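Before any comments, here is the structure.
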Ligand code: UTP
């Protein structure tokens, strides 16, 4: 199973981060000196991905502008001999092939993934959410890609979280196949701590196969009236083997102010985001 393509859904409204997200995409919030989505794109590139599709929506133009070349800015920097700044700006414009498609309405993560169907064109693909920033020696998504290639199965990235926080996540249950690897039998989206089968929570990294699209088209809206990827994966688990892999590394939940601030403090301390 060769995985070359990645999908980054970035069309959510980011209501937990209001009011800043009223006029600014959540994915463009800075972590030290780069927007969150820059780190996510870098993670995909480090894992060998050479084709990225970003699902955008209303008010997300800043993401396209960020990854585009900026000839005016480059001219200005060149004229003034600002060589380091020029190199930095040019490099962003040349990182990787990035394509965009707009989700018409923010109907949920599952609906956003459906917009990738034409682009992935029958190939398995990686999914990375900007809500989770993973700092690790081996890129988080690469850890999943290796498992997907070894078992020829879709793989979900998971992490053990404190039980009282399970209601922020999708939670899986299954049998442990190996250290840090599970065969998934069931998935529940945002269960209460009482109803959660355990504390193994889905984080924003997946390797999926194209059969997910037909399921996404069939399933009704779930929690919050949104088409939930977790619901589609539960259905997929009934039809074929799917795996979950505990991702090693430090994860920051950028979908909340607390996680975003912590990422900024910790990455600025060790110079992680800076050049
Ligand atoms: P979230 O559940 O975090 O939703 O989406 P959100 O709208 O971004 O944030 P809150 O919960 O309102 O604060 C998880 C991922 O799915 C994408 C988001 O951009 C995020 O990367 N998403 C969500 C879409 O692309 N489209 C949607 O309709 C919903």
Legend entry - Condition check for residue 61: within 16 Å of the ligand (Cβ to nearest atom), more than 18 Å from residue 140 (Cβ to Cβ) and without any contact (Cβ under 8 Å) to a residue 12 or more places away in the chain: yes
Legend entry - Unique residue being within 27 Å of residue 125 (Cα to Cα) and either surrounded by fewer than 19 Cβ atoms within 10 Å (Cβ to Cβ) or more than 16 Å from the ligand (Cβ to nearest atom) (or both) when the list is 101, 7: 101
Legend entry - Boolean, residue 148 is in a helix (DSSP H, G or I) and closer than 26 Å to residue 28 by Cβ: no
Legend entry - Tally of residues being touching a helix residue (DSSP H, G or I) at 6+ places or on another chain (Cβ under 6 Å) and not in a helix (DSSP H, G or I) across region 203-241: 6
Legend entry - Complete set of residues in region 112-124 that are under 15 Å from residue 51 (Cα atoms) and either out of contact with any helix residue (DSSP H, G or I) (no Cβ under 6 Å at 6 or more places or on another chain) or part of a loop (DSSP other than H, G, I, E, B) (or both): 116, 118, 119, 120, 121, 122, 123, 124
Inset, instruction - Only one of these is within 16 Å of the ligand (Cβ to nearest atom) and either in a helix (DSSP H, G or I) or within 24 Å of residue 21 (Cα to Cα) (or both): 89, 127. Name it. - result: 127
Inset, instruction - Looking only at region 115-123, decide whether some residue is within 24 Å of residue 68 (Cβ to Cβ), touching a strand residue (DSSP E or B) at 6+ places or on another chain (Cβ under 8 Å), at pLDDT 95 or above and within 14 Å of the ligand (Cβ to nearest atom). - result: yes
Legend entry - The one condition in (1) more than 23 Å from residue 177 (Cα to Cα); (2) touching a residue at least 60 places away in the same chain (Cβ under 8 Å); (3) in a helix (DSSP H, G or I) that residue 142 fails to fulfil: (1)
Legend entry - Matching option when the condition is crowded, with 16+ Cβ neighbours inside 10 Å, closer than 26 Å to residue 203 by Cβ, away from the ligand (no atom under 16 Å from the Cβ) and over 13 Å from the mean Cα position of the chain (by Cα), among 51, 111: 51
Inset, instruction - Return the pairs, sorted by first residue and then second, in which the second residue is away from the ligand (no atom under 15 Å from the Cβ) and part of a strand (DSSP E or B), the first residue lies in region 199-227 and is more than 25 Å from residue 49 (Cα to Cα) and touching a residue at least 60 places away in the same chain (Cβ under 8 Å), the beta carbons are less than 7 Å apart, and the residues are 6+ apart or on different chains. - result: none
Legend entry - Matching residues in region 130-153 - criterion: being in contact with a helix residue (DSSP H, G or I) (Cβ under 7 Å, 6 or more places away or on another chain) and within 9 Å of the ligand (Cβ to nearest atom): 130
Legend entry - Residues being within 11 Å of the ligand (Cβ to nearest atom) and within 13 Å of residue 131 (Cβ to Cβ) - total across region 10-44: 15
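The values are calculated or read from the model by the stated rules, or taken from the named source; none is laboratory data. The shown structure was predicted, so the numbers you read here are calculated from the model rather than taken from an experiment. Quick reminder, even Gly has a Cβ in these numbers, built from the backbone with ideal geometry, and neighbours come from all protein chains shown.
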